[in-house]
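Heads up: the structure comes next, in structure tokens.
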Amino acid sequence: MDLPVGVQASELLSSQAHIWNHIFNFINSMSLKCAVQLGIPDIIHNHGKPMSLPDLVQALPIKKVKAPCIYRLMRILIHSGFFTKQKTLENGEEEDGYTLTPASCLLLKDEPFSVAPFLLAMLDPILTDPFHFMSEWFQNDHKTPFEMAHGRTLWDYAGNEPRLNKFFNDAMASDTRLITSMVIKECAGVFEGLNSLVDAGGGTGTMAKAIADAFPPMKCSVLELPHVVADLEGSDKLEFVAGDMFEAIPCADAVLLKWIMHDWNDEECLKILKRCKEAIPCKGMGGKVIIIDIVLDIQKEDAESTETQLCFDMLMMATITGRERNGKEWEKLFLDAGFSDYKIAPIMGLRSIIEVYP
């Protein structure tokens, strides 16, 4: 068969490779998941020096007949930037040894900012299965592909399935530890003058506790659904409140919404924002809403970061009713909810910190 008119063979092959790379992107993710589940980052780290393939194989909890496949697993993970090879002397002979990269250091179990819980949650079949239903979802009346896959909403599922509830909370807590350290270091001014704060949808209280500890005059509350805070104990500076942010939010100088708003559609976000406005002091009295979330199109063009943000948007589409928003879409929400002003600081990597004023 002849090539299409005007199409070069090199162009055709390049296009085919581009398609294949996208087809097989999931293999990178699943290979990384496999490495984390086998404990490879921690095994290499605990070895204390570049680790040879035989030493790695010996340390892994695998069937020895599968040992030759570890080289192939490590090869793709080196290509993806999660490990490197380094020359080392072993018994007087030079050989290659595996070492960690900054990315795989964030996958260590004891790393305070470990991304491993988030990785394992996002790649669990509970969250990946809905993507198989997306094309059919576009053609029917279901609210989300997640409901098609599991017969109920993500929130209903989490409320009745302890495993999902745990890995979801662990994932959010791991992300929050990283974000909190950045917020306290880079955005301390956001919390100046505040005596009280409610972390609405604050999970198990990771961020609220860190804020309360970093800013001694402040008392923090975590508002969460009853099944999330059922067994959690507070302290003098940290209180857990069982409730629903769509119904009411406890009064405070500020309400924090960390990675909450992208979970909901515009109508639902307006309800949340109106409850926030009712909870904080009126204009001129120092009240505000603090939002940590993605703002599309606000930073200079960065193809990798943009792709991550757009992937999050597709995740919202597949699992819940939310979305990622650009600056104009955020502004419309704030004004429609009755707020008078806001400012966006794109200093949180993929996310921004937004202060919204009554």
**Prompt:** Along the charge dipole of the chain, Cβ charges K/R +1 and D/E -1, which of 59, 316, 40 sits furthest on the positive end?
**Reply:** 59
**Item:** Span from the the range 5-48 Cα centroid across to the the range 79-157 one, whole angstrom
**Value:** 13
**Message:** At 222 nm, what value in deg cm²/dmol follows for the chain if DSSP H runs of at least 4 each add -39500 (n - 2.57) and the sum is divided by all its residues, to the nearest 500?
**Reply:** -13500 deg cm²/dmol
**Item:** Cβ charges +1 (Lys, Arg) and -1 (Asp, Glu), total dipole of the chain, debye
**Value:** 460
**Complete:** the range 242-284 and the range 298-358 have their Cα centres apart by a whole-number Å value of 16
**Prompt:** Say R0 is 30 Å: what FRET efficiency, to the nearest 0.05, do residue 29 and residue 196 get from their beta-carbon distance?
**Reply:** 0.15
**Item:** Computed lengthening from residue 347 to residue 64, 0.36 nm per intervening residue step minus Cα-Cα distance
**Value:** 97.1 nm
**Item:** Of the trypsin sites (Lys or Arg not before Pro) in the range 150-219, those whose Cβ has at most 16 other Cβ within 10 Å and which sit in DSSP loop
**Value:** 152
**Phi to ³J(HN,Hα) by Karplus 6.51 cos²θ - 1.76 cosθ + 1.60 over the range 347-353, Hz, x for Gly, Pro** = 10, 10, x, 5, 10, 10, 10
**Asked** Taking the Cα-to-Cβ direction at residue 49 and at residue 136 and moving 7 Å from each Cα, how far apart do the two end points lie in nm?
**Response** 5.6
**Asked** Based on the Cβ-Cβ distance of residue 242 and residue 86, what FRET efficiency does E = 1/(1 + (r/R0)^6) give at R0 = 35 Å, to the nearest 0.05?
**Response** 0.10
**Prompt:** Where does the charge balance sit around residue 243 when Lys and Arg score +1, Asp and Glu -1, over other residues with C-beta under 11 Å from its C-beta?
**Reply:** -2
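No value in this document is a laboratory result; all are computed from the given coordinates. As the structure is a computational prediction, the values presented were derived from the model and not from experiment. Using ideal geometry, Cβ is built from the backbone for each residue, glycine included, and neighbour counts are taken over all protein chains shown.
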